[in-house]
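Below: one structure, written as structure tokens.
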Amino acid sequence: GLQPKFKVVVSFYQVVSILGLVYGVRLDEHFTRWLDVLKLFSLDLFDVAIPGRCIGAMSTRLLVAGIWPYLAVAFVSLAIVTQAAVLKQRQAFELLGRLLYWAIFVFYLVLPSVSRSIFSARLCESFGYDDATGQRISYLLADLSLTCDAGPTWDDETSGLAPYFWAFFALWPVLVPLGFLALLFSVRKPVAAQRATPLSRATSFLWRDYSSGFLFWEVLDLVRKIFLTSMVLFIDQEYGSRKLLRTVVAAIVSATFLTILALARPYKRSDDLCLACIANLLLTCCFASGVVIQLCDSAMYEDMCYNLVGYKTSRGATTFVVVLTAVMLAVSLAVILVSAVSATRAKTMRLASSKREPMRDGITLADGQQWHLFLSHVWSTGQDAVAVIKNELQQFLPG
């Protein structure tokens, strides 16, 4: 299906799009338009739709960043309820299941960007204030009018943001993954027994793409994305975007996750596993290239970029990063195209009720049912014999 491929592609570009903001990897100015395209995948309200400065004070921005996804879920829920009322659908469990499914979908998409917006309340940068005494002053990068520490002539103006930060930190990077984990834990038995329940169908976005032994894999992948897009900001909060440590840690995390992914093989379909491995490999290469770009942008030593790396400027490494992101897009489209063509040519059975292949979603059995049975036979010679088998089975196994 397209769902696992969609999640792999979106996850890749959500991480790549914040290389400059979080890791200080400033790509060459010739590729600014390509960066603007990548920002669309971040699904960040302040980067895509409304500039943060237009909203107001930093506290107001944090409120908007933490609340707008709930308003989006409320709007989608209202649309679903309205559609059900127009079509006179009265199945309460089915309606609640659809609402939960779309709430999970929205939270899954916006969690990395919302978490990063929350962590912007802690992202500061230090500047020299008095060369004689070595005194420095730190400013909040999201709002340079706010100082982050107390000095001889100024106060810590970000202290008032601490309650907002910790409240939304608990609400988003902590509670949302825990909520997904709790939902998966509650449906583990029906999924293992391949029985359909309203809750298992509503949460299928989280587990449908993975083998039964890797029911919780989506939560692990979500934690990886949160770490790479926001939690990494805890590393050297004042100088982190100017130093290599964050980028090196991110490259190590990506390479480690790639190794675990290749060994565990959690996906049901081999093409989804290949696409996920390619995405993590390219992501690791992007972080490694980011280290090169940061070295080349440094003016600490003359010709340091050429002496250490071999590039005269950072443009060569930037080109390599852009090529990697373009390759990921091309590979994704190729995999989707091949899968679509193969699916249309393959001969298969489908259930009359759902128009889908039996067991395609992991569970297609209704409550009280446990097994599928298909009697294969040659029509010309086996029709009568199979009819007898069917009748005998119906006597012993009614239904």
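Checking the conditions here, which among Ser17, Ser42 is under 15 Å from Val110 (Cα atoms), small (Gly, Ala, Ser), in contact with a Lys or Arg (Cβ under 7 Å, 6 or more places away or on another chain) and modelled with pLDDT under 85?
On the way: Ser42 fails: in contact with a Lys or Arg (Cβ under 7 Å, 6 or more places away or on another chain).
Checking each option against the conditions leaves just Ser17.
Quick one: which of Ile336, Ile389 is surrounded by 11 or more Cβ atoms within 10 Å (Cβ to Cβ), farther than 30 Å from Tyr13 by Cβ and either out of contact with any Ser or Thr (no Cβ under 6 Å at 6 or more places or on another chain) or modelled with pLDDT of 65 or more (or both)?
Numbers: Ile336 fails: farther than 30 Å from Tyr13 by Cβ.
None of the others qualify; the one that does is Ile389.
Do the conditions hold for Gly97, that is, is it in a strand (DSSP E or B) and not hydroxyl-bearing (Ser, Thr, Tyr)?
Criteria not met by Gly97.
Kindly indicate whether any position in segment 50-65 is closer than 14 Å to Val110 by Cβ, part of a helix (DSSP H, G or I) and modelled with pLDDT of 80 or more.
Yes.
Which of the residues spanning segment 155-169 are assigned to a loop (DSSP other than H, G, I, E, B) and open to solvent by less than 30 Å² (accessible area, probe 1.4 Å)? Don't jump to the end; show me each part of the working.
Let us first name the residues in segment 155-169 that are assigned to a loop (DSSP other than H, G, I, E, B), namely 155-158.
Thr158, the sole residue that qualifies.
Can you find, within segment 111-130, the residue that is nearest to Gly179 (Cα to Cα) among those that are among the small types (Gly, Ala, Ser) and either open to solvent by less than 20 Å² (accessible area, probe 1.4 Å) or part of a strand (DSSP E or B) (or both)?
Ser115
What are the residues in segment 80-94 that are open to solvent by 30 Å² or more (accessible area, probe 1.4 Å) and either closer than 25 Å to Leu175 by Cα or part of a helix (DSSP H, G or I) (or both), if any?
Across segment 80-94, the qualifying residues are Val81, Thr82, Gln83, Ala85, Val86, Ala92, Phe93, Glu94.
Confirm whether Phe227 is modelled with pLDDT of 90 or more and out of contact with any Lys or Arg (no Cβ under 9 Å at 6 or more places or on another chain). Before you say what the answer is, go through the steps one by one.
Values: modelled with pLDDT of 90 or more: yes; out of contact with any Lys or Arg (no Cβ under 9 Å at 6 or more places or on another chain): yes.
Yes; evaluated as a whole, the condition is true for this residue.
One residue is enough: does segment 58-68 have a residue meeting the conditions among the aromatic types (Phe, Trp, Tyr) and within 25 Å of Phe6 (Cβ to Cβ)?
So far as segment 58-68 goes, yes, one or more of its residues are among the aromatic types (Phe, Trp, Tyr) and within 25 Å of Phe6 (Cβ to Cβ).
Note down all Cβ pairs under 9 Å where the first residue falls in segment 59-74 and is under 11 Å from Ala167 (Cβ atoms), the second is of a type in the set (S, T, N, Q) and at pLDDT below 90, and they're at least six residues apart or on different chains.
The qualifying pairs are Leu62/Ser117; Leu62/Ser120; Gly66/Ser117.
Would you confirm whether or not segment 170-183 contains a residue that is farther than 28 Å from Phe12 by Cα, open to solvent by 20 Å² or more (accessible area, probe 1.4 Å) and under 32 Å from the mean Cα position of the chain (by Cα)?
The answer is no; no qualifying residue exists.
If you check Val232 against the conditions, is it surrounded by fewer than 17 Cβ atoms within 10 Å (Cβ to Cβ) and within 15 Å of Val15 (Cβ to Cβ)?
It is false that Val232 is surrounded by fewer than 17 Cβ atoms within 10 Å (Cβ to Cβ) and within 15 Å of Val15 (Cβ to Cβ).
Being among the polar types (S, T, N, Q), touching a helix residue (DSSP H, G or I) at 6+ places or on another chain (Cβ under 8 Å), open to solvent by less than 40 Å² (accessible area, probe 1.4 Å) and more than 18 Å from Leu111 (Cα to Cα) is the requirement here; does Thr203 meet it?
No, not satisfied.
When the residues of segment 92-142 are narrowed to those that are in contact with a Pro (Cβ under 8 Å, 6 or more places away or on another chain) and of a type in the set (A, V, I, L, M, F, W, C), which ends up nearest to Glu157 (Cα to Cα)?
Taking segment 92-142 as the starting set, the residues that turn out to be in contact with a Pro (Cβ under 8 Å, 6 or more places away or on another chain) are 93-94, 96-97, 106-107, 110-111, 114-115, 118, 135.
Now restrict to residues that are of a type in the set (A, V, I, L, M, F, W, C): 93, 96, 106-107, 110-111, 114, 118.
Values: Phe93: 49, Leu96: 44, Val106: 33, Phe107: 31, Val110: 28, Leu111: 27, Val114: 22, Ile118: 17 Å.
Among them, the one singled out is Ile118.
What are the residue pairs meeting all of these: first residue in segment 105-134, first residue under 22 Å from Phe12 (Cβ atoms), second residue among the β-branched types (Val, Ile, Thr) and assigned to a helix (DSSP H, G or I), Cβ atoms under 6 Å, and 6 or more apart or on different chains?
Taking only residues 6 or more apart or on different chains, the pairs are Val106/Val73; Phe107/Val176; Leu111/Val176; Pro112/Thr229; Ser115/Ile226; Arg116/Thr229.
Determine whether Arg136 is within 29 Å of the chain's Cα centre (by Cα) and open to solvent by 30 Å² or more (accessible area, probe 1.4 Å).
No; evaluated as a whole, the condition is false for this residue.
Out of (1) open to solvent by less than 10 Å² (accessible area, probe 1.4 Å); (2) closer than 28 Å to Val341 by Cα; (3) over 19 Å from the mean Cα position of the chain (by Cα), the odd one out for Arg246 is which?
(2)
What do you reckon, is Leu273 within 17 Å of the chain's Cα centre (by Cα), at pLDDT 90 or above and part of a helix (DSSP H, G or I)? Before the answer, list the steps.
Numbers: within 17 Å of the chain's Cα centre (by Cα): yes; at pLDDT 90 or above: yes; part of a helix (DSSP H, G or I): yes.
It is true that Leu273 is within 17 Å of the chain's Cα centre (by Cα), at pLDDT 90 or above and part of a helix (DSSP H, G or I).
The values are calculated or read from the model by the stated rules, or taken from the named source; none is laboratory data. The structure displayed is predicted, hence computed values, not measured ones. Backbone-built Cβ (ideal geometry, glycine too); neighbour counts: all protein chains shown. Only protein heavy atoms, including side chains, enter the accessible area calculation; ligands, DNA and RNA are left aside. Shrake-Rupley method; radii C 1.70, N 1.55, O 1.52, S 1.80 Å.
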